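Here the structure comes first, spelled out in structure tokens, and everything after it is commentary.
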Amino acid sequence: MSTNKLKVINDPVYGLINIENELVFDVIEHRLFQRLRRIKQLGFSYLVYPGAMHTRFQHSLGAAFLMQNALKVISDKGCPLTSQDKEAALLAILLHDLGHGPFSHTLENSFFDNISHEEISAEFMKIINNDFNGAIQHGISVFTNEHHKKILHKLVSSQLDMDRLDYLNRDSFFTGVSEGVIGSERIIKMLNFVDNEPVVEAKGIYSVEKFLIARRLMYWQVYLHKTVVVAEEILKLIIKRAKEIIRDGKDIFAPPSLKFFLKNSISKEDLHKDFEGKTPLDFFAQLDDSDIISSIKVWQFSDDFVLSNLCNRLINRKLFKIEIFPNECPDDKFMEIRKNVLQKQICPKQYIDYFVIRGTLYNKAYSRGKDETIKIVMKDGLVKDIASASDISNVSALSKTVKKSFICYAI
């Protein structure tokens, strides 16, 4: 174990990041945090943007760096934060993504039944907390919004939090999509507090406007890029088919951690159940991108038509074609495409649902719920929602959900 825990990390986005807290260093060294090195931040975005190979590990460190800066700014402006408060917020943001599975959001609903990655993050935090004899309990209370200083949770999870500030900066850096570049340093410098809530001073309003617009653009250009959508849909179909094969009593190659989830449906009630000496959380802690990719590489030679075909397409980037519609996908168009795929004998009729699929895309840059606003404190001390404080109508429009539908099909 290292005796020097006050490390300096060279980050490509922010430069030198100082680890100023020994407990934070020890948490970074924990196996559950190290696992994030093996989970890509942007799933299959590297199929479009070759540089998008960064990980949840890098993002978590970056978000923690921004949190350090934010805590210093609001503390210097008079926010009554103790050293334990600051440590708690730092731990909460550092560990906020612990529960992500392989390829991040793509397979979030493939391994657990109605359990979000945030819930798994909280469960993993409990494990770390137990390993550290309760030392990170205050960090967990910030993450779960049970800490009495609500401003800390808002800095971890809100419409303008350190998570979003980092992932927009980082994702635009590694994809090369300049529309995602935001002035995170200026936004943090303009942070203040009113009634235990984070606010942005009026002179930072233009940086916040740019942040919201950048978020909208990054969703269409990166997170919901049509090629990324297709690859993610194919991956979900691959896992679905692998489950069907195994649950039909046939055996296929898979690492033990993956095979467990292919065999079993896990609900919240099952999380702590014993399965031959391990819980589902133990298996999930061993699951990362490499398990999925190694399995797909083997499955492309499977005797099963659907599994081998889909895996070949994903491994060799021979993806489905996608058509996107501004509103609902027309039923007649969907049926016409199904008919054409069958006529071209791309797949047997009984497998058509694997080779023609449809779905919906949602893009909402800003939510304006009761507790979900970005607050601007004006020069006269009045606090306004960014949508009403801004002098450009675009900001108000960004609070509307844009919905598009799509059809993916094999060619």
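I want to verify the translational diffusion coefficient of the range 1-140 in µm²/s; compute it with Stokes-Einstein, Rh as the Kirkwood radius over Cα pairs, at 25 °C and 0.890 mPa s.
For these conditions, the coefficient is 153 µm²/s.
Ordering Trp299, Trp220 by how much accessible area each has at a 1.4 Å probe, largest first, what is the list?
Ranked list, largest accessible area first: Trp220, Trp299.
Could you pull out every one of the lysines with an alpha carbon less than 16 Å from that of Lys86, ignoring same-chain neighbours closer than 8 positions?
Excluding near neighbours in sequence, the set is Lys72, Lys77, Lys149, Lys150, Lys154.
Could you give log10 I(q)/I(0) at q = 0.18 Å⁻¹ for the range 185-306, computed by the Debye formula over C-alpha point scatterers of equal weight, without solvent?
Cα-only, vacuum Debye calculation for the range 185-306: -0.96.
Sum up the charges of everything whose Cβ sits under 12 Å from the Cβ of Met378, counting Lys and Arg as +1 and Asp and Glu as -1, but leave Met378 out.
+1
Distance from the Cα centre of the range 178-225 to that of the range 1-69, in angstrom?
22 Å
Computed over the Cα atoms, what is the radius of gyration of the range 253-339 divided by 2.2 N^0.38 Å, N being its residue count?
1.51
Divide, for the range 130-234, the radius of gyration over alpha carbons by 2.2 N^0.38 Å, where N is the residue count.
1.30
For the chain, what is the convex hull volume of the alpha-carbon atoms per residue, in Å³? Show your work: numbers first, answer last.
Details: hull volume 63.3 nm³, N = 411.
About 154 Å³ per residue, rounded to a whole number.
P(r) tail for the range 344-385, what percent of Cα pairs lie past 13 Å?
72 percent
Compute the acute angle (0 to 90°) between the alpha-carbon long axis of helix 162-175 and the principal axis of greatest extent of the alpha-carbon atoms of the chain; round to the nearest 10°.
The two axes meet at around 50 degrees.
Starting at the first residue of the range 85-92, write each ³J(HN,Hα) from the Karplus equation 6.51 cos²θ - 1.76 cosθ + 1.60 with θ = phi - 60°, in whole Hz, x for Gly and Pro.
Along the range 85-92, the couplings run 4, 5, 5, 4, 5, 5, 5, 4 Hz.
For the range 241-392, what does the alpha-carbon gyration tensor say about shape, rounded, prolate or oblate, given a ≥ b ≥ c as the root eigenvalues, a/c under 1.5 as rounded, and a/b over b/c as prolate?
oblate
Using a 1.4 Å probe on the protein heavy atoms, what percent of the accessible area of the chain belongs to carbon and sulfur?
49 percent
Ranked by accessible surface with a 1.4 Å probe, highest first, in what order do Glu185, Glu22 come?
Output order, biggest surface exposure first: Glu185, Glu22.
With θ set to phi - 60°, apply the Karplus curve 6.51 cos²θ - 1.76 cosθ + 1.60 along the range 338-355 and write out the HN-Hα couplings as whole Hz, x wherever there is a Gly or Pro.
Karplus values, whole Hz, x for Gly and Pro: 4, 4, 5, 4, 5, 5, 7, 6, 6, 8, x, 4, 5, 10, 4, 5, 8, 10.
Quick one: the Cα spread of the range 245-303 along its three principal axes, in angstroms, biggest first?
Sorted largest first, the three principal extents are 36, 25, 18 Å.
What translational diffusion coefficient, in µm²/s and rounded to a whole number, does the Stokes-Einstein relation yield for the range 86-164 at 25 °C and a viscosity of 0.890 mPa s, taking the hydrodynamic radius as the Kirkwood radius over Cα pairs?
190 µm²/s
Need one number: nm distance between label points at Asn312 and Asp113, each 7 Å from Cα along Cα→Cβ, rounded to one decimal.
My value for the distance between the label points is 3.5 nm.
Which of the aspartates and glutamates could be linked to Lys240 by a straight reach, that is with a Cα gap under 17 Å, when you skip same-chain ones fewer than 8 residues away?
Glu108, Asp113, Glu232, Asp248, Asp251, Asp289, Asp291, Asp303, Asp304, Asp353
From the backbone phi of the range 283-300, what are the Karplus-calculated ³J(HN,Hα) couplings (6.51 cos²θ - 1.76 cosθ + 1.60, θ = phi - 60°) in whole Hz, Gly and Pro given as x?
Per residue, the Karplus-derived 3J(HN,Hα) values read 5, 5, 5, 9, 9, 8, 4, 5, 5, 5, 5, 4, 5, 4, 4, 6, 5, 5 Hz.
Can you tell me which of 350-357, 339-346 comes out highest on packing, and rank the rest after it, using the mean Cβ neighbours within 10 Å?
350-357, 339-346
Order 157-168, 197-208, 127-138 from most to least packed using the mean count of other Cβ atoms within 10 Å.
157-168, 197-208, 127-138
Would you work out which of Ala89, Phe111, Ala135 lies farthest towards the positive end of the dipole of the chain, given +1 charges on the beta-carbon of Lys and Arg and -1 on that of Asp and Glu, about the Cα centre?
Comparing the listed Cα positions along the dipole, Phe111 ranks first.
The values are calculated or read from the model by the stated rules, or taken from the named source; none is laboratory data. Everything quoted here is computed from the prediction, not taken from an experiment. All Cβ positions, glycine included, derive from the backbone under ideal geometry; neighbour counts span all protein chains shown. SASA here: full protein model, heavy atoms, side chains in, ligands and nucleic acids out. Shrake-Rupley method; radii C 1.70, N 1.55, O 1.52, S 1.80 Å.
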